[in-house]
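Trainee: I have a structure I would like to understand better, so I am pasting it below and will then ask my questions one at a time.
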């Protein structure tokens, strides 16, 4: 399979007669069959055109996505033999290795130009901000502007003041004045947004009272007074001076805030250890002793009166010396906290449990909701704060955010803060989870933890470039009517997980310093050139590393006295932490400054639409376009994580278009060929960027658009995946709309890159509700076309009693004959965790096969290629060996997957690892979490004799690292697989063909 334009002289012939001529009749009656067009110069070559590239193939094994009326199987029988022979000639287009990612099936032709543009057509929004370069700094660890506030006015005893510059877990001396003194240094990185860790007054020291088991609130997350700057860092007046100074330079200031908890003040009368007690075991009770469910009141202005002695599973007690320590005063009421004991960070307790003893606020109570909004509105009004990073967002109930976000944003705009921006910490890499906070919960953005993992995997661990393409292909989870992925802050490391320098050093033991710096630069290049707002964690620009996360990743930029920090090896320098590290000549400082300057000069690299273009199926080149909807000038970004130079032909929007190099070490000028491909060579561990010399040609007519069947989204049953197939190769924006019976069309999001899709939040609707969808395409001339409406149904589809793989494989499976819809050997097994039906065949002989999904043992309901009812047979060319058949009842698609080369190792890292005997959870290299290959059936298995009862989450990790991992539905870097186990024996099974992890 190779790529040529439709009208190119291929100079090749396929070894069989040409297909029947495609007619208007069969085009109009088949929504999806217009993928392929006969080459005019080579009639035996059939062409598939997509948004990103043109694929040509000899027709040998194509699985149709629609059906020819005169060829398809009908009713209760498979396709007739002569039809099977014709279908068997069609070639399945599979984009592998370096062929790219846009695999949408395209409708035929272009729609007639509308006389007037459809008013529903919209541009993809850039809500919030999408041009920020953040510098994330911990004030105590940046610069000591004055020693007079080092002990916070609490005296010389470190166990009282929390100040001990020799200990990594105590205040080290940095302050707000020190930050202001170094604004030149910060701005020199190209920073236009300064993000401070929480700076409110903290409980100075927490612990058991001993030096060995205590630490200080230098980090800012143990707040007692939400109205005052911590005296170790300065005063409210000094904060205002810092903000004014930053604003004078054109820099914004973001506050890190907390709504989930306060400092640890409340004790429990019954115990000090306080394991979590569930609501099922001990429900909440009103002050009158009546059982109630707090969720019935969340999001309202009503809540029952509570009694500390009556209402909670633990009796909250506040020491007399601290009964009035919290400010505002309402925070001293112990009934405004959950009081259920310590969280295990999973399930119910992740919302209701105390973080390591920190007092967990009752955020379902309107007193707490309103009180928190009042606190942070005051900081906006009195200090001119430009935005908030919100801590532990994942651990606060949805209804809180649905009120907090819109109301605080509205208030900020009333204060003249039109670009006020909030983003939350949702410590999860699953887009189906993180995106709910920007869609359902109405917040503007979340920190992109998924990007951090993908960037580390690519730049540091040398993973497949296609992993990045898979990652960015999931961005549409964030698309809704008022937000999308472009405003997410992206980062490479932080104060909790550790630094990018640490990861690179750990992943490349024995590598030279020069290579480590190159990999660090590559990670930053990917972050600055791809969508999102890049975040620099202070010290990364100086090559800081560290032994791990948390305290080990919080070094001072001023000279340190902490021995653990003095032992660190910094990247790109001979300096140590024994001296100040504000070196503007450091190679990483210079690189970050260069990247910021380049993206300021070429703003399309910050705000333009991002389209996947090319991805190697091993270490190598990943390439993507950036294009601004107004300027219409394409940029090509190519990053290479191979240790050798790599060359690729990268699809673009236009043929014969000159491109000029604007970044990197490559040819200064290049030009796309007749197939609109740009030949690019990228040096090892580096990036190049090209800018098109001209703008895109205007579209002659708006392209046709067809909706696929709306289906319940894998990973979140409260979302409906709506996908549009668009015919054409230019830049388009697709607006999706929805309506229920009797309702008006409402916009649910606009997508500006293929595949065009949204994941509609239908959680407010009852299961079984019918929702109608349509898609409107806007081309680059302002012309529009609209799809025909198509309906979907809210909620999980009712699963059939049985599903059979019925086809010409049945005899090979041991059935009496082929095409038996009731054959037991061809029955699939339902996997409720993944909502998929599966059949593993350890050894299917080589051959050409056809099959369909037959439901409930008959042909009465059957699905063929593309999930079509009574559709064409699925054609499968098999080289022999193991194969896994999968059926998804949400889409009705049945498919066959074959394993590639077996990995060296497979593990199940997750929240169950400590129960297996690992040193901690989520450890892909833990020996006790390793699966063993069963050579009989080709599956990897791990039998656990007695797994404790509980709710667990896990994934499949390949070769003992996170570089390649699979989650729910077998999706690369997918959602965590969540299960509730009743206790006892369990066997984990990993299928290398489907990448599903199942439990038996």
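Where a number appears in this text, it was derived from the coordinates with a stated rule and is not lab data. Because the structure is a prediction, the values reported are computed rather than measured. So basically every Cβ, Gly included, is an ideal-geometry build from the backbone, and we count neighbours across all protein chains shown.
Trainee: Distances longer than 14 Å among the Cα atoms of segment 649-697: what percent of all pairs is that? Please report the intermediate quantities before stating the final value.
Mentor: Details: 534 of 1176 pairs.
More than 14 Å apart: 45 percent of the Cα pairs in segment 649-697.
Trainee: Going by how many other beta carbons lie within 10 Å of each one, how would you line up 427, 458, fewest first? Could you put the intermediate results ahead of the total?
Mentor: Working: 427 16, 458 25.
Starting with the residue having the fewest Cβ neighbours, the order is 427, 458.
Trainee: In whole angstrom, how far apart do the alpha carbon centroids of segment 762-797 and segment 236-292 sit?
Mentor: Centre-to-centre distance over Cα atoms comes out at 40 Å.
Trainee: If you don't mind, another one. Given the C-alpha centroids of segment 941-964 and segment 610-628, what is the distance between them in whole angstrom?
Mentor: 32
Trainee: Please state, rounded to one decimal and in Å, the Kirkwood hydrodynamic radius that segment 906-999 gives when every pair of distinct Cα atoms enters the mean of 1/r. It would help to have the intermediate numbers written out before the result.
Mentor: On the way: mean 1/r = 0.0774 Å⁻¹.
Mean inverse Cα-Cα distance, inverted, gives 12.9 Å.
Trainee: If we sort 747-759, 667-679, 247-259, 626-638 on the protection proxy, mean other Cβ atoms within 10 Å, highest first, what's the order? Intermediate values should be presented prior to the final figure.
Mentor: Numbers: 747-759: 24.6, 667-679: 16.4, 247-259: 18.8, 626-638: 20.9.
The densest-packed peptide leads the list: 747-759, 626-638, 247-259, 667-679.
Trainee: Another question about this same structure. List 878, 889 from most exposed to least, where exposure is judged by having the fewest other Cβ atoms within 10 Å.
Mentor: Values: 878 19, 889 23.
Going from least to most buried by this count: 878, 889.
Trainee: Turning to a different aspect of this structure: Is the chain best put as rounded, prolate or oblate by its Cα gyration tensor, with a ≥ b ≥ c the root eigenvalues, rounded for a/c under 1.5, and otherwise prolate when a/b is larger than b/c, oblate when not?
Mentor: On the way: a/c = 1.79, a/b = 1.46, b/c = 1.22.
It comes out prolate by the Cα gyration axes.
Trainee: Can you give the translational diffusion coefficient of segment 235-309 in µm²/s, computed by Stokes-Einstein from the Kirkwood radius over Cα pairs at 4 °C and 1.567 mPa s?
Mentor: The calculation lands on 75 µm²/s.
Trainee: Right, here's the next one. Measure nothing fancy, just the Cα-based angle from helix 513-529's long axis to the longest principal axis of the chain, in degrees from 0 to 90, nearest 10.
Mentor: In the chain, helix 513-529 runs at an angle near 70 degrees to the longest axis.
Trainee: Further question: If you average the alpha carbon positions of segment 883-938 and of segment 815-855, how far apart do those two centres end up, in angstrom?
Mentor: Each part's Cα centre sits 21 Å from the other's.
Trainee: Same structure again: Can you give the % of DSSP beta bridges in the chain that are antiparallel, to the nearest 5?
Mentor: Antiparallel bridges: around 85 percent, rounded to the nearest 5.
Trainee: What is the helix-to-structure angle for 587-601, meaning the angle in degrees between its Cα long axis and the longest Cα principal axis of the chain, kept from 0 to 90 and rounded to the nearest 10?
Mentor: Long axis of 587-601 versus the principal axis of the chain: about 60 degrees.
Trainee: On to the next question. For segment 803-897, what is the per residue volume of the convex hull drawn over the alpha-carbon atoms, in cubic angstrom? Mind showing how you got there, number by number?
Mentor: Details: hull volume 7.9 nm³, N = 95.
In segment 803-897, the Cα hull volume divided by residue count equals 83 Å³.
Trainee: Another question about this same structure. Taking square-rooted eigenvalues a ≥ b ≥ c of the alpha carbon gyration tensor, is segment 610-692 rounded, prolate or oblate, where a/c under 1.5 means rounded and, failing that, a/b exceeding b/c means prolate? List each step's numbers first, then the result.
Mentor: Values: a/c = 1.63, a/b = 1.56, b/c = 1.05.
Cα axes put segment 610-692 in the prolate bin.
Trainee: Can you sort 798, 286, 363 by how many other beta carbons sit within 10 Å, fewest first? Provide the component values of the computation, followed by the final result.
Mentor: Numbers: 798 7, 286 15, 363 26.
Lowest count first: 798, 286, 363.
Trainee: Continuing with this model, one more query. According to the square roots a ≥ b ≥ c of the eigenvalues of the Cα gyration tensor, what is the shape class of segment 705-793, taking rounded for a/c under 1.5, prolate for a/b larger than b/c otherwise, and oblate for the remainder? Working shown, then result.
Mentor: Details: a/c = 2.34, a/b = 1.71, b/c = 1.37.
Because a/c hits 1.5 or more and a/b exceeds b/c, segment 705-793 counts as prolate.
Trainee: How far is helix 398-414 tilted, in degrees, relative to the longest principal axis of the Cα atoms in the chain, given as a value from 0 to 90 rounded to the nearest 10?
Mentor: With both axes taken from Cα atoms, the answer is about 70 degrees.
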